[in-house]
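This report refers to the structure that appears directly beneath it.
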Amino acid sequence: MELLQLHYFYEVARNLHVTRTAEQLNVAQPALTQGIHRLEKELGVKLFRKSGRNIVLTEYGSYLKERITPVLQTLEQIPEHIQEMANVRKNTLHINVLAASAMVTKALIQYQQEHGDIHFQVMQNSEYKDADITISTIDQFTMPKKSLDKFMIFTEDIFLAVPCNEKFRCLNEISLCALKDENFISLTASKAFRKICDGFCMQSGFTPKTIFESDSPGAVQNLISAGLGVGFWPHYTWGKNEMSEVLMLPIKEPICRRDIVIRLTANEEAVQTEAQKFFNFIGEYIHKQAYIN
């Protein structure tokens, strides 16, 4: 059975009038009649019979109309539902946050307050490659061949956060090798930032003695302020240090920096417009945070 034949049958079954139905469908009456005859031939039964000058459904026609009515009604709704899906997709951006999560979260909140019609699906999945925008570090980033994606890269110095005590308060900078016997307070080992900083320590000839790990930059700062250890602190993506009990010392050697990559994935045109707007916004937001700090 062809969908067009079922559609012709259904409309005639509703009107019980071939000429009127042909006019409503804007098709020639012979084409409409032939379509129904082909359907009857395929099914091997009559779907209509004459009743005086009119036509009525046979028992087979009544059964077929009953069965296909919900199917055809569902099909009629599909274009509307697809358009609704497209509108939702257009206004929903998928953001993969693999680095600078504290700063990105603040940027997302601010952007959504200013653009109430935009929604975010936020994830942290290094294996997911199809997000509209991905924020990562340079070591997590791979450039696809023949990519139409757009990128922004921000370089960020990494400081050493230390307690404001006699040992550190008179220093203007510090070499990492001088800290080999210090206790370190760090983000969990799964974080990209932690891996980068462990690499700096290895470059300086030691493995950091980590006594506490946390998922929260704020918790790291609080423990350092309590004098329990030292820790690495990125210049601007974790926010400005507001605690007088914590000092931010520049690291003299090795050079401790990281690169934050903002990647805009080439996508369907409707989504691309909104993604491009947020891509521009997050770039300006990071630049502003770097300037403030």
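Summary table
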{"read-out": "Elements of type strands (runs of 3 or more DSSP E) contained in region 97-201, each with 1 or more residues being farther than 18 Å from I255 by Cα, in the same structural domain as K277 (by TED's automatic domain parsing) and among the hydroxyl-bearing types (S, T, Y)", "value": "133-137, 183-187"}
{"read-out": "Scope region 21-78; condition within 45 Å of the chain's Cα centre (by Cα), at pLDDT 90 or above and acidic (D, E); matching residues", "value": "E66"}
{"read-out": "Extreme residue, surrounded by the fewest Cβ atoms within 10 Å (Cβ to Cβ), among residues of region 169-219 that are of a type in the set (F, W, Y) and under 27 Å from M103 (Cα atoms)", "value": "F212"}
{"read-out": "The one condition in (1) hydroxyl-bearing (S, T, Y); (2) loosely packed, with under 13 Cβ neighbours inside 10 Å; (3) under 30 Å from K195 (Cβ atoms) that T19 fails to fulfil", "value": "(3)"}
{"read-out": "Yes/no for T92 being among the hydroxyl-bearing types (S, T, Y), at pLDDT below 90 and surrounded by 13 or more Cβ atoms within 10 Å (Cβ to Cβ)", "value": "yes"}
{"read-out": "Number of the condition not met by A86 [criteria: (1) more than 16 Å from the chain's Cα centre (by Cα); (2) in a helix (DSSP H, G or I); (3) modelled with pLDDT under 90; (4) not polar (S, T, N, Q)]", "value": "(1)"}
{"read-out": "Test: Y285 is outside any helix (DSSP H, G or I) and either under 30 Å from L148 (Cβ atoms) or among the acidic types (D, E) (or both)", "value": "no"}
{"read-out": "Hits in region 233-275 (condition: crowded, with 21+ Cβ neighbours inside 10 Å, over 27 Å from A219 (Cβ atoms) and of a type in the set (K, R))", "value": "R263"}
{"read-out": "Residue in region 212-230 that is assigned to a strand (DSSP E or B), under 18 Å from I158 (Cβ atoms) and of a type in the set (D, E) present", "value": "yes"}
{"read-out": "Meets criteria (in a helix (DSSP H, G or I), touching a helix residue (DSSP H, G or I) at 6+ places or on another chain (Cβ under 9 Å) and hydrophobic (A, V, I, L, M, F, W, C)) for I36", "value": "yes"}
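The values are calculated or read from the model by the stated rules, or taken from the named source; none is laboratory data. Only a predicted model underlies this, so the values are computations on that prediction, with no experimental measurement involved. All Cβ positions, even for glycine, are placed from backbone atoms using ideal geometry, and neighbour counts span all protein chains on display.
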